[in-house]
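Written out below as structure tokens is the structure these notes cover.
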Amino acid sequence: MQRAIRNHHFAFIRDFATRWDALALIVALGVVAFLAEASRGLLAPLSQLDATPLSLAPVHLPAYAARTTLRMFAAMVLSLAFTLSYATWAAKSARAAKLLIPLLDILQSVPILGFISITVVFFMSLVPGRVLGAEFAAIFAIFTSQAWNMAFSFYQSLRTVPTELEEAAASFHLTPWMRFWQLEVPFGLPALVWNMMMSMSGGWFFVVASESISVGHTSVALPGIGSYIALAIQQRNLHAIGWAIATMGLVILVYDQLLFRPLIGWVDRFRVEQEPGMEPPASWALTMMRRSRLISGLTVLFYSAVRWTSWASTPHEALRPDGAPAPRARWRGWGLIWPALLLAIVALALRKLAQTLFAQTQLAELRTVGLLGLLTMVRVVVLIGLASLLWVPVGVWIGMRPRVAQWVQPLAQFLAAFPANLLFPLAVYAIVAWQLNPDLWLSPLMILGTQWYILFNVIAGASAMPSELRRAAQNLRVGGWLWWRRVALPGVMPYFVTGAITASGGSWNAAIVAELASWGSTKVRGHGGRRLPPHCPWHRHDVPVRGRHQPPVLAPAVLLRGTPLSPELRMPEPTT
């Protein structure tokens, strides 16, 4: 009795907080501490990086992982903002889509090193002499490896909103702002979350390039897992690479449990088709968020802000007799001005490009670059076709089994995040030791990090396939190739096209590192868009591979078939 009275005196605490609030508070404080530790030293001078050089000691890996994760999540926030604005503009305006969608396809094919070389001076000048400027450049580089895939996915979702949902939004007289948050964003979230996971994993592929920045004669190596991997490859330290892989797997597991698995469980409510009796994805973090009164209050605050901005920013519109907003009168001159503006921009860009190329480039070099680019394009097309033949059936099988998808998701995330750079040592050693053709055996490295775009998008498409369609095919006993031709492939085709486009852009991006693999001072180069012109000043370091009559040795240069190495350039076999 006395114990019950003592507990009754503290019963008012349960009215303000529960054990889920305590757990949410612990997680929130942990995130804040993580952000504070990862952001330490951002305003320090660049000279501090030279004073504290990178170390391959495993004890430094937690701090490096925190810095890399902070950069990737900052880039993810920017990518999400870009997606919601850019893709929406392209989906809402047919005229703008004629420019924005081809531009997006071009941007995703531009190598990340191309963005770094153009923008690094700008970002370094924002905060001159400080580490923060280099951080801005690294975050933007990671942003370019994440944003395009997410924008394509959200654009495809906005273009396929069901007509009945649009009519329901019109009958409720939703303003454009409320329509965006109440209809379009929820409808596109299931596919967008899967592509966010893919973009997050794809960022790991280019984290090595984004954390090692060169400006003229100045090189900046930001502390992070990418710089750690680059230093391990340079020093041929296999133990350090193993520690980096283990740390990367642990980081992926943590943000999968705290971010992506709760997101998948939450967006499951927005799926248009739900099979009766199917259990939603489970997540302890999502349960904590739903039962925490603190997080519930923040959710209510967010929805209130959305409604307030909708009422405050949207003027009252005239309604038609059926209740829908009356269409606004548009000036027909835009139909002529917009194409003329596009033609003028294209003409100016072509004129500037032609002046630059013909003034600084010879015709023979242009022909060589065109042929090498064509060779890379053939590689990309063939690899995308092979990856499609493998992952489309697998993705359909996984997507139609939600329980299997829950188990496959973390594994696919880790495989997608696994940097192909870590396989370069094996590729270089095998090519040199067994006298393999670099043009053939370096090609698979291009697709290792981008094939998962196809798998993730096909899984999202198969999971969104209407259950009525599957039951109708089952009742009609449609099977075999007929089922694939009439049911499965048409159902996932929009998602597959999105995945194939982003995978092709990612393969072009990966070609710049896959066609020139290195392990320490040993380099293996294949023919393609990454190949250097003969007159480049750094081409004098290229050394062709030895003849077949010589014993297998590793050379500190780019390896091709042909002339044997000079004796002074030979090196002994590496020891592990």
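When only residues in segment 57-104 that are β-branched (Val, Ile, Thr) and open to solvent by 40 Å² or more (accessible area, probe 1.4 Å) count, which is farthest from Arg179 (Cα to Cα)? Per the criteria, the residue is Val59. Among residues of segment 183-208 that are more than 21 Å from Pro494 (Cα to Cα) and modelled with pLDDT under 85, those with a Cβ under 6 angstrom from a residue that is open to solvent by 10 Å² or more (accessible area, probe 1.4 Å) and part of a helix (DSSP H, G or I), sequence gap 6+ or separate chain, pair up as Val208/Ala230; Val208/Asn421. Residues in segment 166-176 that are touching a residue at least 24 places away in the same chain (Cβ under 8 Å) and either touching a Phe, Trp or Tyr at 6+ places or on another chain (Cβ under 9 Å) or more than 30 Å from Leu103 (Cα to Cα) (or both): Ala170, Ser171, His173, Thr175.
Residues in segment 79-111 that are within 16 Å of the chain's Cα centre (by Cα) and part of a loop (DSSP other than H, G, I, E, B): Val110, Pro111. Residues considered: Ala460, Ala430, Ala472. Of these, the only one that is open to solvent by less than 40 Å² (accessible area, probe 1.4 Å) and either without any contact (Cβ under 8 Å) to a residue 12 or more places away in the chain or among the basic types (Lys, Arg) (or both) is Ala430.
Before we move on, is Val432 over 21 Å from the mean Cα position of the chain (by Cα), assigned to a helix (DSSP H, G or I) and at pLDDT below 75?
Against the criterion (over 21 Å from the mean Cα position of the chain (by Cα), assigned to a helix (DSSP H, G or I) and at pLDDT below 75), Val432 qualifies.
Annotation note: of Pro466, Pro537, Pro533, the sole residue that is out of contact with any Phe, Trp or Tyr (no Cβ under 8 Å at 6 or more places or on another chain), modelled with pLDDT of 70 or more and farther than 25 Å from Gln235 by Cβ is Pro466. Going through (1) assigned to a loop (DSSP other than H, G, I, E, B); (2) at pLDDT below 80; (3) hydrophobic (A, V, I, L, M, F, W, C); (4) open to solvent by less than 70 Å² (accessible area, probe 1.4 Å) one by one, Leu54 falls short only on (2). Annotation note: Cβ proximity below 6 Å between a residue of segment 38-59 that is farther than 15 Å from Ser219 by Cβ and a residue that is open to solvent by less than 50 Å² (accessible area, probe 1.4 Å) and assigned to a loop (DSSP other than H, G, I, E, B) (sequence gap 6+ or interchain) occurs for Pro45/Gly129; Leu56/Asn237.
Name the single residue, out of those in segment 344-376 being among the polar types (S, T, N, Q) and part of a helix (DSSP H, G or I), that is least open to solvent (accessible area, probe 1.4 Å).
Here the answer is Thr376.
If you check Ala412 against the conditions, is it assigned to a helix (DSSP H, G or I) and modelled with pLDDT of 75 or more? So Ala412 does not fit the description; no. In the set Trp204, Trp194, Trp177, Trp148, only one residue is in contact with a helix residue (DSSP H, G or I) (Cβ under 9 Å, 6 or more places away or on another chain) and open to solvent by 40 Å² or more (accessible area, probe 1.4 Å); that residue is Trp177.
At least 2 residues being more than 19 Å from Tyr86 (Cβ to Cβ) is the threshold, and among the helices (runs of 4 or more DSSP H) wholly inside segment 164-239 those reaching it are 185-205, 207-210, 225-235.
Quick one: count up the residues across segment 215-256 that are of a type outside the set (A, V, I, L, M) and within 24 Å of the chain's Cα centre (by Cα). Number of matching residues: 11. Of the residues contained in segment 129-142, none is found to be of a type in the set (Lys, Arg) and within 17 Å of Ala209 (Cα to Cα). Of all residue pairs spaced 6 or more apart or on separate chains, those with beta-carbon atoms under 9 Å, a first member in segment 385-399 that is hydrophobic (A, V, I, L, M, F, W, C) and a second member that is outside any helix (DSSP H, G or I) are Ala387/Thr450; Val396/Met465. Between a first residue in segment 104-117 that is in contact (Cβ under 8 Å) with a residue 40 or more places away in the chain and a second residue that is exposed (fewer than 15 other Cβ atoms within 10 Å of the Cβ), which pairs have beta carbons less than 9 Å apart while being 6 or more apart in sequence or on different chains? Final answer for the pair search is Ile116/Ser214.
Within segment 126-145, the set of residues being open to solvent by 10 Å² or more (accessible area, probe 1.4 Å), assigned to a helix (DSSP H, G or I) and touching a Gly at 6+ places or on another chain (Cβ under 7 Å) comprises Leu126 only. When you scan segment 377-389, do you find a residue that is at pLDDT below 75 and either open to solvent by 50 Å² or more (accessible area, probe 1.4 Å) or under 29 Å from Val110 (Cα atoms) (or both), even just one? Checked segment 377-389: no residue is at pLDDT below 75 and either open to solvent by 50 Å² or more (accessible area, probe 1.4 Å) or under 29 Å from Val110 (Cα atoms) (or both).
The values are calculated or read from the model by the stated rules, or taken from the named source; none is laboratory data. Because the structure is predicted, anything quoted here is derived from the model rather than measured. With ideal geometry, Cβ positions are generated from the backbone for all residues, glycine too; neighbour counts draw on all protein chains shown. Heavy atoms of the whole protein, side chains included, go into the accessibility calculation; ligands, DNA and RNA do not. Shrake-Rupley method; radii C 1.70, N 1.55, O 1.52, S 1.80 Å.
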